[in-house]
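One structure is given below, encoded as structure tokens.
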Amino acid sequence: HAYAVESTQSKADAIAKAQAQGRVSSRFDARVLLGLIIHLAAFWATSNPDVLAVMNTPGAKPRRQIIHDAVATLVA
């Protein structure tokens, strides 16, 4: 548990550093931004099947691109 918290905190710290350097948007607190990115990455695995059916986005490559674009928008 302590290792997982430390690992997650180090990622949030890296985002905060990038924000301070102007390389990542400061629109969201670094910890919140990390949480948003983690949940975006898990989107396809955790979404309701009804939502996924409506989205109709088959294949890993287009799904990966959608997540990439969403994260890029968050950090821009």
For a quick check of your reading: which helices (runs of 4 or more DSSP H) sit entirely within the chain and have at least 3 residues that are without any contact (Cβ under 8 Å) to a residue 12 or more places away in the chain and of a type outside the set (A, V, I, L, M, F, W, C)? 2-20, 60-75
Yes or no: region 13-22 includes at least one residue that is over 15 Å from the mean Cα position of the chain (by Cα) and exposed (fewer than 11 other Cβ atoms within 10 Å of the Cβ). yes
Members of region 25-60 that are among the β-branched types (Val, Ile, Thr) and under 13 Å from the mean Cα position of the chain (by Cα): Val32, Ile37, Ile38
In region 42-61, is there at least one residue being of a type in the set (Gly, Ala, Ser) and either within 21 Å of Val5 (Cβ to Cβ) or touching a Lys or Arg at 6+ places or on another chain (Cβ under 8 Å) (or both)? yes
Going through Leu74, Leu34 one at a time, which residue ends up being surrounded by 11 or more Cβ atoms within 10 Å (Cβ to Cβ), in contact with a Lys or Arg (Cβ under 7 Å, 6 or more places away or on another chain) and on the phi < 0 side of the Ramachandran plot? Leu34
Determine whether Ala45 is open to solvent by less than 70 Å² (accessible area, probe 1.4 Å) and among the small types (Gly, Ala, Ser). no
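The values are calculated or read from the model by the stated rules, or taken from the named source; none is laboratory data. Quick caveat, the model's predicted, so the values are computed rather than measured. No Cβ is skipped: glycine too gets one built from the backbone with ideal geometry, and neighbour counts run over all protein chains shown. Side chains included, ligands, DNA and RNA excluded: accessible areas come from the protein's heavy atoms. Shrake-Rupley method; radii C 1.70, N 1.55, O 1.52, S 1.80 Å.
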